[in-house]
Amino acid sequence: MKFDQPAGANPIDRGTVIGKPQVRVDGPLKVSGLAPYAYEYHDPAPNAAYGVMVTAGIGKGRIDTIDTVDAERAPGVLLVLTHKNAPKMYGKADFPKPGPTDKDPKGAHAAPQLQGAEIKQFGQAVAFVVAETFEQATAAAAMARVGYSNGKGRFSLAAGKASAQPDPKGKDAHVGDFATAFATAPIKVDTTYSTPNHAQSMMEPHATLAIWSGDQLTLYTAHQVIHWSTQGTADTLGIPREKVRSISAYVGGGFGSKLEIYGDSILSAAAARQLGRPVKCAITRPQTYNHTTHRPPTIQQLRLAAGRDGRLTAVGHLTWTGDQEGERGELASDQSRLMYAGANRLIETRFTPLDLPKGGSMRAPGEAAGLLALECAMDELAVELGMDPVELRIVNDVQYDPTVGPSRPFSDRKMVECLRQGAEAFGWSRRHPTPATLRDGRWLVGYGMSAGIRNNIVMPSGTRVTLRRDGTVLVETAMTDIGTGSYTINAQTAAEMLGLPLDKVTIRLGDSLLPKAAGSGGSWGANSSTAGTYAACMMLRAAIAERAGLSGDTLFADGHVSAGGKSVALRHVAAAGPLTAEDTMSYGDLTKQFAQASFAAHFCEIGVDRVTAEIRVRRMTSAYSAGRILNPITARSQCLGGMTMGIGAALMEELVVDERFGYFANHDLAEYQVPVHADIPALEVLFVESLDDKSSPMKARGIGEVGICGVGAAVANAVYNACGVRVRDFPVQLDKLLDHMPVMA
Amino acid sequence: MRAFTYERVTTAQAAAQAVAAQPGAKFIAGGTNLLDLAKLEIETPTHLVDVNRVAGLDRIVPTPDGGLRIGALVRNTDLAADHRVRTDYAVLTRALLAGASGQLRNKATTAGNLLQRTRCVYFYDTSKPCNKRKPGSGCAARGGYSRGLAVVGVSDQCIAQHPSDMAVAMRLLDAKVETVMPDGATRAIPITDFHTLPGKTPWIETVLRPGEFITAVTLPRPLGGVHSYAKVRDRASYAFALVSLAAVDGPGGRRFAFGGIAPKPWRVEAAEPMGSAGAVADHVLAEAAPTADNRYKLTLVRRLLADHFETGAAA
Ligand SMILES: Cc1cc2nc3c(=O)[nH]c(=O)nc-3n(C[C@H](O)[C@H](O)[C@H](O)COP(=O)(O)OP(=O)(O)OC[C@H]3O[C@@H](n4cnc5c(N)ncnc54)[C@H](O)[C@@H]3O)c2cc1C
Ligand code: SF4
């Protein structure tokens, strides 16, 4: 089925199962420990050997010597792979450059390991030790002796800024005459923010169990997009893609980190082939920080100019970012194409190569970092204008893509509604606009707000649905559920489409043998995968109606299909044998014709300790617009998680770069701090619901990432309101405030 | 982690003998610090002597002179909850409850807590130079990431902080550490002498001798007065102190001890009679040698003291 026209009324609109607060169908399995994660499959490979990576201890240079004699002789060791004996592997550069329309280009997800003496990043695998037990492999891995010669690495974004070049992946825009508009405006801010490297810090570390059977490879692996795992592994190993099957039935979070493949899958697969025996490997927690991807750093200059009425006349957002050569960096300027009105716009991203670990996607890549800066700059502008920051955003709302013009309207932009309803629920009117005026005992109390946007992406996604003999339905798709609720909402979709209660639907996900699906990334998963299930169900409905001898408009409700006054139980239709339908939802150009995005508004009350400058969030209200809310429980969880992560980004998260060694120095969960329960008070989530008929027949948009978009800025703006200090270098921490706190005797 | 052998002992002297008998042997109590260090191969014990079943060390009993003897195996949770501690040594309860998490405190023991090692990130990374981990290899923290590290009592060789909260309260209370040697001899070490400064030997952290086993920590008679423990950190729980201030304002005067700023719990008795926060701070920080990253700790010490003088006792 192709979605290339706005959706009309359809069976989803009945809203008997979809849109209802449904607890997770996989919940009981998870809380009872019966949902296996990648490392926990024992039955398929009772004889699995254990692999442990040895990772590079320098940031840039070469391996001079590598001595694995002791490791090889250590008890239980079966194999030690290094660049000297590893099988040949293939990287992106070994494949022809993809054309613009190439789907699934070869090598795009390849991740070759142990292919030479060159060290490109700290944490890169330099050896892989396989032994009978995990303990033996770990002990032997520590016996590998690696001698390096250090190269000169580029590890500082600030140092690379001057020579940065336009980022080919950024969506730069020059509209109108920015320079003149900015120069002549009565009110303006020119302000620079920086955001550090961030680590996804998901609960489940990356892990893989690799099993060969002849030339067929099966991976039990932790991945967000199954076919990227199979393609990446096959391309890297130089085997046909159809020879690799990946299973990611349950994934313990990803936040973008598991969009790529790493040493765990490639080295387990390579070693298993060589040994003729299954091999499993979990990346250790300290290794995750330097071996896997992270959110790259930014420096962002915001130049915003407005008339005295607050209407923006010039919007300038210039980002400097850095990553390994050829990578993307953090495209923090892009959302400023869409966020606010303004006739003159200068949106640019500049890139400088860095030899730090390779960057990648982390929840809302681009927006999460970009809005930290843009939404704080808007707060600065509101101060300059003497205007309420909510009103400033409302007067600059725009119902079309302001970079393209009125010819590209938003499909459904409810940012103003988010702002108004959020402000009302929070009690924004009680805010004191003058900083440092509200106190509660030893706490300086402040209110802050921000808005958020996250681009809506749709992806082709397929599902197979089967009406089984007993009248129940089986839903199968290679979609993943990374803790988000894909099992539940896809089951709800099938139940709604076929008029069945949810307990008559069984669902299987996360196996590449199932119909190729959207996967979980870029917030496209919920909307796209349920649209695929919708498409398959439409086909199944037709097949059911045909067998039941019904024609015309059919209604599927209460376990029956009816049309023209006749009603047949699905059980009876199924008695003649199962019926199966499989379809993929694909998309036309509605995302080009219409700007599509989810929106948010955040309101935060913060306390800053007048003595120590410790910062604690006291409460927070966020309002979200993401089209139809498919399931308010799972949607709310996404938002709560986004808010929590946004608070972390504002107040504590930072991968500390040690430029002498070219690595992230704080590589464990004690030193890379994310919020704990005590940091998160009551969080309130509001949904401004609507139906987005341009997005998909589900009329929903992405919600996984908009949750975090803008959150940190509301927190930082609240800190400003509490104590009058504007910290422009994230995270906002007490040592950056202390010197500005009230003087003490 | 390296392979090790394991044995379980039931008497204190047997524990001391078992560790003395084998180079590379270590006691293991709650294991919350030692296991982490062993997994990362920062410590590579060849033999573990499990002391959890040593009889009688999990009790808190009164001493003849009106104090308390806290067995080495008393868990941090139980110590914090003990009604005598809560009543007479409230600063200790407060310090304990400000540390780690509930789960960790359920496992962590009194002796293990005193002996926990620094949280310096370079100490935790065997690919980096660290004089404490590998004598003579250098100190990566100097010129590196040192936001959490010490500002006083440091040396050229090492600027690591002692991370314990409990030990700060014990220092304030003039605790003594009771031990037994392999030959059965015992001694009681005043806590002020127990931890050593890095100097030229940062890998030596206490005055304990090979095999010397901690049996208890004793507290003298209660001080009375108002007890407080203020712990400053970036997140509200489950974080080590950037700076902490343990204080007692009692009939015998004021006492202050600090955590997070030194290689050991930091108390400067000579500062305590001073009449102003600034004067106390000047003494406490007399030989401070901060880095650019952790200079803010000096400000924090001053502000905590100022607040303490202003409000009587921090909350
Ligand atoms: C994530 C995390 C956060 C933490 N946060 C804090 C915090 O905020 N504040 C804080 O104060 N602490 C904190 N801790 C540290 C915690 O308090 C210590 O790990 C714990 O107290 C150690 O006690 P244990 O019994 O587990 O020691 P073990 O790990 O068993 O032993 C530690 C050391 O003591 C030795 N030892 C044990 N018993 C004896 C004995 N009787 N005689 C001689 N030697 C002995 C061992 O050989 C070993 O060298 C944290 C720890 C973790 C992992
Ligand atoms: S401060 Fe001490 S523990 Fe840290 S690197 Fe230097 S020597 Fe090692």
Problem - Cα→Cβ-extended label distance, 7 Å offset, between B:ALA188 and A:GLU132, nm - result: 5.3 nm
Completion exercise
Karplus-derived 3J(HN,Hα) from phi for segment A:592-605 (6.51 cos²θ - 1.76 cosθ + 1.60, θ = phi - 60°), whole Hz, x at Gly and Pro, runs 8, 4, 10, 6, 10, 7, 9, 10, 8, 9, 10, 9, 9, 10
Practice task
Tell me the trypsin sites (Lys or Arg not before Pro) within segment B:141-219 that lie in a loop according to DSSP and have at most 14 other beta-carbon atoms within 10 Å.
Solution key: B:LYS200
Problem - the protein assembly as shown - percent of accessible surface contributed by carbon and sulfur, probe 1.4 Å - result: 53 percent
Exercise for the section: Starting at the first residue of segment A:680-685, write each ³J(HN,Hα) from the Karplus equation 6.51 cos²θ - 1.76 cosθ + 1.60 with θ = phi - 60°, in whole Hz, x for Gly and Pro. Expected result: 10, x, 4, 10, 10, 10
Practice task
Post the alpha-carbon centroid distance, segment A:547-588 to segment A:371-387, in whole angstrom.
Solution key: 55 Å
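At 15 angstrom or more along the helix axis (alpha-carbon based) and mean Kyte-Doolittle of -1.0 or higher, what helices does chain B contain? Whole DSSP H runs only. Present the calculation step by step, with values, prior to reporting the outcome.
On the way: long enough: B:296-311 (22 Å, -0.11).
Membrane-span-like by this rule: B:296-311.
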Problem - Distance between modelled label sites at B:SER137 and B:GLN103, nm, 7 Å Cα→Cβ extension - result: 2.9 nm
Exercise for the section: First measure r as the distance between the Cβ atoms of B:ARG295 and A:ASP215, then evaluate 1/(1 + (r/R0)^6) with R0 = 60 Å and state the FRET efficiency to the nearest 0.05. Expected result: 0.45
Handout entry: Kirkwood Rh in Å, taken over segment A:196-351 so that all alpha-carbon pairs contribute
Key = 18.1 Å
Completion exercise
Cα extents of segment A:187-263 along the principal axes, largest first, in whole Å, come to 69, 26, 18
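Apply the a/c threshold of 1.5 to the C-alpha gyration tensor of chain A and tell me whether it is rounded, prolate or oblate.
Details: a/c = 1.75, a/b = 1.07, b/c = 1.64.
It is oblate, given that a/c is not under 1.5 and a/b is not larger than b/c.
Quick one: grab the alpha carbon gyration tensor of chain B, order the square roots of its eigenvalues as a ≥ b ≥ c, and give me rounded if a/c is under 1.5, else prolate or oblate depending on whether a/b is larger than b/c. Mind showing how you got there, number by number?
On the way: a/c = 1.84, a/b = 1.17, b/c = 1.57.
Judged from the Cα gyration tensor, chain B comes out oblate (a/c at least 1.5, b/c at or above a/b).
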Practice task
Leaving out ligands and nucleic acids, note down the accessible area per residue over chain A with a 1.4 angstrom probe, in whole Å².
Solution key: 35 Å²
Handout entry: Cα gyration tensor shape for segment A:29-169, rounded if a/c is under 1.5, else prolate or oblate
Key = oblate
Problem - Threshold 30 Å², segment A:409-444 residues less accessible with all protein chains present than alone (1.4 Å probe) - result: A:ARG442
Completion exercise
Here segment A:704-720 yields Karplus 3J(HN,Hα) values (6.51, -1.76, 1.60; θ = phi - 60°; whole Hz; Gly and Pro given as x) of x, 9, 4, x, 8, 5, x, 3, x, 5, 4, 5, 5, 5, 5, 4, 4
Exercise for the section: Evaluate E = 1/(1 + (r/R0)^6) for B:ALA21 and A:THR192, where r is the Cβ-Cβ distance and R0 equals 56 Å; express this FRET efficiency to the nearest 0.05. Expected result: 0.35
Problem - For chain A, share of DSSP beta bridges that run antiparallel, in % to the nearest 5 - result: 80 percent
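Within segment A:540-620, report the chymotrypsin sites (Phe, Trp or Tyr not before Pro) that DSSP leaves as loop and that have at most 15 other Cβ atoms within 10 Å.
On the way: sites: A:PHE556, A:TYR587, A:PHE594, A:PHE599, A:PHE603; in loops: A:PHE594.
Loop-located and lightly packed - none at all.
With 32 Å as the limit, write out which pairs from A:LYS566/A:LYS592; A:LYS280/A:LYS592; A:LYS84/B:LYS26; A:LYS171/A:LYS694; A:LYS358/B:LYS26 have Cα-Cα distances beyond it, or answer none. Provide the component values of the computation, followed by the final result.
On the way: A:LYS566/A:LYS592 43 Å; A:LYS280/A:LYS592 43 Å; A:LYS84/B:LYS26 38 Å; A:LYS171/A:LYS694 23 Å; A:LYS358/B:LYS26 40 Å.
Pairs exceeding 32 Å: A:LYS566/A:LYS592; A:LYS280/A:LYS592; A:LYS84/B:LYS26; A:LYS358/B:LYS26.
How much mean residue ellipticity at 222 nm does the protein assembly as shown get from its helices, if each DSSP H run of length 4 or more adds -39500 (n - 2.57) and you divide by all residues, to the nearest 500 deg cm²/dmol? Present the calculation step by step, with values, prior to reporting the outcome.
On the way: 29 runs with 264 residues, N = 1060.
One gets -7000 deg cm²/dmol as the mean residue ellipticity at 222 nm.
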Exercise for the section: Set Lys and Arg Cβ to +1 and Asp and Glu Cβ to -1, take the dipole of chain A about its Cα centre, and tell me which of A:VAL146, A:GLY51, A:GLY232 lies farthest positive. Expected result: A:GLY232
Exercise for the section: Grab the beta carbon distance between A:LEU669 and A:VAL31, set R0 = 35 Å, and tell me the FRET efficiency rounded to 0.05. Expected result: 0.95
Practice task
At a probe radius of 1.4 Å, figure out the A/B buried accessible area, summed over both chains, and give it in Å² to the nearest 100.
Solution key: 3100 Å²
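Give me the net charge of B:LEU223's neighbourhood, meaning all other residues with Cβ under 10 Å from the Cβ of B:LEU223; Lys, Arg count +1, Asp, Glu -1. Before the final figure, lay out the partial values.
On the way: positive: B:ARG221, B:ARG255; negative: B:ASP88, B:ASP174, B:ASP249.
Neighbourhood net charge equals -1.
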Handout entry: Pairwise label distance in nanometres, B:ASP50 with A:LYS169, each label 7 Å out on the Cα-Cβ vector
Key = 5.0 nm
Problem - About the Cα centre, charge dipole magnitude for segment A:55-209 (Lys/Arg +1, Asp/Glu -1 at Cβ), debye - result: 480 debye
Problem - Among B:GLY138, B:ALA262, B:SER244 - extreme Cα towards positive end, dipole of chain B, charges at beta-carbon - result: B:GLY138
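The values are calculated or read from the model by the stated rules, or taken from the named source; none is laboratory data. Everything numeric in this text was worked out from a predicted model, so none of it was measured. Don't worry about glycine lacking a Cβ; one is built from the backbone with ideal geometry, like all the others, and counts go over all protein chains shown. What goes into the accessible areas is simple: the full protein's heavy atoms, side chains included, and nothing from ligands, DNA or RNA. Shrake-Rupley method; radii C 1.70, N 1.55, O 1.52, S 1.80 Å.
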